[in-house]
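Structure, as structure tokens:
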Amino acid sequence: MAKKPKDVRVLHGHRVVTGPELRATFEAAGDQDDPVRLRRRVVHGVVLVLLLGLIAGAIITAVAIISGQLKLPTTAGSDEPQAVCPAATFDYTPPEQVNLNVYNSTSRPGLARSVADELLGRKFVVGAVANTEAGYRGVAAVVSGAAGQSAAFTVQRNVPGSDYFQDDRTDASVDVILAGDYKALAAADRVDQTPGKLSCPRESRRIADDSKWPVIPTAGATP
């Protein structure tokens, strides 16, 4: 029977410690005895975790921006009507001093033309008359720049239930955008001409579809 070879790791019944094992033992003991080295390793670990977190956050943010779930703020000017309601009190401007455009955002054919004719009969100066697509839902949206707020106030008194929006135009023109809840103008002999404030949207802003905001008109055919 062949003799079993000796295990070189055992000498006189005792296990022989190898060089690598001995070195690892001393290094481990050295780490335990050296608080500076231990602290350094802890700091390195924390920094590595933070870097991995930053990288993961950057990836998630980039994906959200690309997918449109996150929109970055911009300092560029916007033409969107503002939700801020002017606090000033306005006098009723004579209709012949009000330049306005009439738009129909409903499915009722000829609505803009018929309302424009009524306003012409009240001596308003009517410019564009057209169909438009708008996200606004209510009676009518009255849109002007800061210079046209007094004129917009007069228009609102003739279109009861309308909501005022401000955009960035610099002239005093006013847009009237007729919407689904529109019924009729106020009776010509019953229009309230006392001073007052603009009527702005309620808390809900009555916007049917945010993707179609703003309500700035885009001219169409057959008003």
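The values are calculated or read from the model by the stated rules, or taken from the named source; none is laboratory data. Quick caveat: nothing in here was measured; it's all calculated off a predicted structure. Every residue, glycine as well, gets a Cβ built from its backbone with ideal geometry; the counts of neighbours run over all protein chains shown.
So here's what we get for this one:
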item: Region 85-116: number of residues that are assigned to a helix (DSSP H, G or I) and either surrounded by 14 or more Cβ atoms within 10 Å (Cβ to Cβ) or hydroxyl-bearing (Ser, Thr, Tyr) (or both); result: 7
item: Of the criteria (1) surrounded by fewer than 20 Cβ atoms within 10 Å (Cβ to Cβ); (2) modelled with pLDDT under 95; (3) of a type in the set (Gly, Ala, Ser), which one Ala134 fails; result: (1)
item: Pick from region 163-187, criterion in a loop (DSSP other than H, G, I, E, B) and within 17 Å of Ala134 (Cα to Cα), ranking: nearest to the chain's Cα centre (by Cα); result: Asp167
item: Lone unmet requirement of (1) over 18 Å from Ala179 (Cβ atoms); (2) at pLDDT below 85 for Tyr92; result: (2)
item: Checking Lys197 against (1) of a type in the set (Lys, Arg); (2) under 19 Å from Ala87 (Cα atoms); (3) touching a Gly at 6+ places or on another chain (Cβ under 7 Å), the condition it does not meet; result: (3)
item: Extreme residue, modelled with the lowest pLDDT, among residues of region 159-174 that are under 18 Å from Thr106 (Cβ atoms) and of a type outside the set (D, E, K, R); result: Phe165
